[in-house]
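Okay, so here's the structure we're looking at.
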Amino acid sequence: MQKIEMKDLVNLCQARGFVYQWSEIYGWLANSWDYGPYGSLLKENIKNLWIKEFVQKRDDMVLQDSAILMNSQVWVASGHVWGFSDPLIDDKNTKERFRADKLLEDLIESSSDKWEYLKTKYWVPNLIPESWDMQKQTEVMRWEQVLNPNTKKPWDWTDVKKFNLMYKTFQWVNEDTASTIYLRPETAQWIFVNFANVLRTSRRKLPFWVAQIGKAFRNEITPGNFIFRTREFEQMEIEYFCEPGTDLDIFEKWKENCKNFLVNVIWLDENNLRFRDHEKDELSHYSKATTDIEFMFPFGWGELQWIADRTDFDLKSHMTESKQDLTYFDPVNNKKFIPYVIEPSVWLTRLFLAVLTNAYTFDEQNERIYLKFEPRIAPIKVAVLPVVKKIWDLAKNIYKQLSEDFVCEYDEVWTIWKRYARMDEIWVPFCITIDSNNYENGDVTVRFRDDMSQQIVKISELNEFLKPYLK
């Protein structure tokens, strides 16, 4: 099987209207992307399936939305103002900046025997450079003479230092400390801040969940790999509030929930997924347990989703900072406590890329490349194609009928075979071909994308014929 190259995926996305380079006519902005007509629909389909799976089909979940700008004290309480940072290192020769932990990861992956070597020489605790302190990262970067990945020339590195990832802006007229606010770097904090409001208005009892989809912003040092790492992205997050002591069992159940969604709802290939539990010395300060779900992208394994046991850290921090009561009273056991939280969070934009990677298909027999989406997430469900332009009015009647139930595309340009090829490329499951003879008999031709077979179907039965395939 031919290996998928990222450049091929990017070219297809830009050529077929999935993803565009942002502000391209002005010379574009690095690592910023727009989602075109098909990409927007695909992204919305992924969102809707996530909402259906985790909100609609459950009676213990509510869906919320929050503002991008929040009171800056939220980020003080959460620790983001002081601790939300990446390890930054500069090449003194080129003035380029890199994430030191990523360069060290590449160093480790370059040789299978690096673990014992680094452990013996530097006493590193594990093979996760992100968890090493700044001094240890600097030491290994220098003594191992890590090369600049762009120039491949000898190093001249600065000390590793922390670089805060939050975008800062100002409200009111004056640009001073009092007017400083931040673009949110994650979507979770709103859920904690509004815990009491949701509890009161939804009348939920523990355990219950709050779900949210929204944009977040991070001033990444080295964004790249197409839409995998960008400074503006979307997250789909859940905070599951539960009683302390029940959290680890729920944490394990959520691993299965997330796997089921990725494999059986979104239809990612299970062979391209792996679960990685964080080591004890790698865990975030707020975490009791964390598992990353990684996907095999064209550039290699990359983080797609994580599940974290955040304990009561967030609610307790916001109680301390705001002086407001965020405890929960259990009427059954007549006790009051601060709930623990399990957080399953998936990067929507990375899931979008994983879906595209998973769908990219080489059909050697028919010499074609197409996106084999699972029908439920296909951007366009049905294409309406008149054989010749002069019967456009007949075709438009079919389009109107089908669009009551499905997202459709109408195309009358080029030969029917070229239009089939175009629809295959963007994975339209069904093409409806209209010619005047069949139409007079009350029929149309339905073409199946996968095997390119065709079937005559009555116009009056067309919608019902397609529904079982697309539900």
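The values are calculated or read from the model by the stated rules, or taken from the named source; none is laboratory data. What you are looking at is a predicted structure, and each value in this text was computed from that prediction instead of being measured. Every residue, glycine as well, gets a Cβ built from its backbone with ideal geometry; the counts of neighbours run over all protein chains shown.
Inspect all residues belonging to segment 353-363 and state whether any of them is under 28 Å from Asn272 (Cα atoms), charged (D, E, K, R) and surrounded by 13 or more Cβ atoms within 10 Å (Cβ to Cβ).
yes
Within segment 157-172, count every residue that is modelled with pLDDT of 85 or more and not in a strand (DSSP E or B).
Number satisfying all stated conditions: 3.
Looking at this structure, is Pro154 buried (at least 16 other Cβ atoms within 10 Å of the Cβ) and part of a loop (DSSP other than H, G, I, E, B)?
Answer is no for this residue.
Identify the single condition in (1) touching a strand residue (DSSP E or B) at 6+ places or on another chain (Cβ under 6 Å); (2) over 30 Å from Ile51 (Cα atoms); (3) surrounded by 13 or more Cβ atoms within 10 Å (Cβ to Cβ) that Tyr439 does not satisfy, given that it satisfies every other one.
(1)
Out of Ile380, Ile432, which single residue is of a type outside the set (Phe, Trp, Tyr), under 29 Å from the mean Cα position of the chain (by Cα) and not in a helix (DSSP H, G or I)?
Among Ile380, Ile432, only Ile380 is of a type outside the set (Phe, Trp, Tyr), under 29 Å from the mean Cα position of the chain (by Cα) and not in a helix (DSSP H, G or I).
When both residues are 6+ apart or on different chains and their Cβ atoms are under 7 Å apart, which pairs have a first residue that lies in segment 408-429 and is farther than 17 Å from Phe373 by Cβ, and a second that is surrounded by 18 or more Cβ atoms within 10 Å (Cβ to Cβ) and of a type in the set (S, T, N, Q)?
Pairs that qualify, where the first residue is farther than 17 Å from Phe373 by Cβ and the partner is surrounded by 18 or more Cβ atoms within 10 Å (Cβ to Cβ) and of a type in the set (S, T, N, Q), are Ile416/Thr433.
Give me the pairs: first residue in segment 391-405 and farther than 19 Å from Asn437 by Cβ and in contact (Cβ under 8 Å) with a residue 24 or more places away in the chain, second residue buried (at least 17 other Cβ atoms within 10 Å of the Cβ) and among the basic types (Lys, Arg), beta-carbon distance under 9 Å, and six or more apart or on different chains, which are they?
Pairs that qualify, where the first residue is farther than 19 Å from Asn437 by Cβ and in contact (Cβ under 8 Å) with a residue 24 or more places away in the chain and the partner is buried (at least 17 other Cβ atoms within 10 Å of the Cβ) and among the basic types (Lys, Arg), are Leu402/Lys381; Asp405/Lys381.
On the basis of being over 26 Å from the mean Cα position of the chain (by Cα), on the phi > 0 side of the Ramachandran plot and basic (Lys, Arg), does Lys316 make the cut?
Criteria not met by Lys316.
How many residues are surrounded by 17 or more Cβ atoms within 10 Å (Cβ to Cβ), outside any helix (DSSP H, G or I) and touching a residue at least 24 places away in the same chain (Cβ under 8 Å) when one looks only at segment 442-459?
Going through segment 442-459 one residue at a time, the tally reaches 3.
Test Lys136 against the criterion of being at pLDDT 85 or above, in contact with a Ser or Thr (Cβ under 8 Å, 6 or more places away or on another chain) and either in a helix (DSSP H, G or I) or at positive phi (or both), and give yes or no.
no
Looking at Leu462 and the list (1) touching a strand residue (DSSP E or B) at 6+ places or on another chain (Cβ under 9 Å); (2) of a type in the set (A, V, I, L, M); (3) surrounded by fewer than 19 Cβ atoms within 10 Å (Cβ to Cβ), which single condition is not satisfied?
Failed condition: (3).
Which one of the conditions (1) more than 30 Å from Glu232 (Cβ to Cβ); (2) in contact (Cβ under 8 Å) with a residue 24 or more places away in the chain does Gln137 fail to meet, given that it meets all the rest?
Tallying (1) more than 30 Å from Glu232 (Cβ to Cβ); (2) in contact (Cβ under 8 Å) with a residue 24 or more places away in the chain, Gln137 fails exactly one: (1).
Pro154 passes all but one of (1) within 26 Å of Asn225 (Cα to Cα); (2) free of Cβ contacts under 8 Å to residues at least 12 places away in the same chain; (3) in contact with a Lys or Arg (Cβ under 9 Å, 6 or more places away or on another chain); which number fails?
(3)
Only one residue in Val428, Val387, Val407, Val413 is of a type in the set (A, V, I, L, M), at pLDDT 85 or above and surrounded by fewer than 13 Cβ atoms within 10 Å (Cβ to Cβ). Which one?
That would be Val413, the only listed residue that is of a type in the set (A, V, I, L, M), at pLDDT 85 or above and surrounded by fewer than 13 Cβ atoms within 10 Å (Cβ to Cβ).
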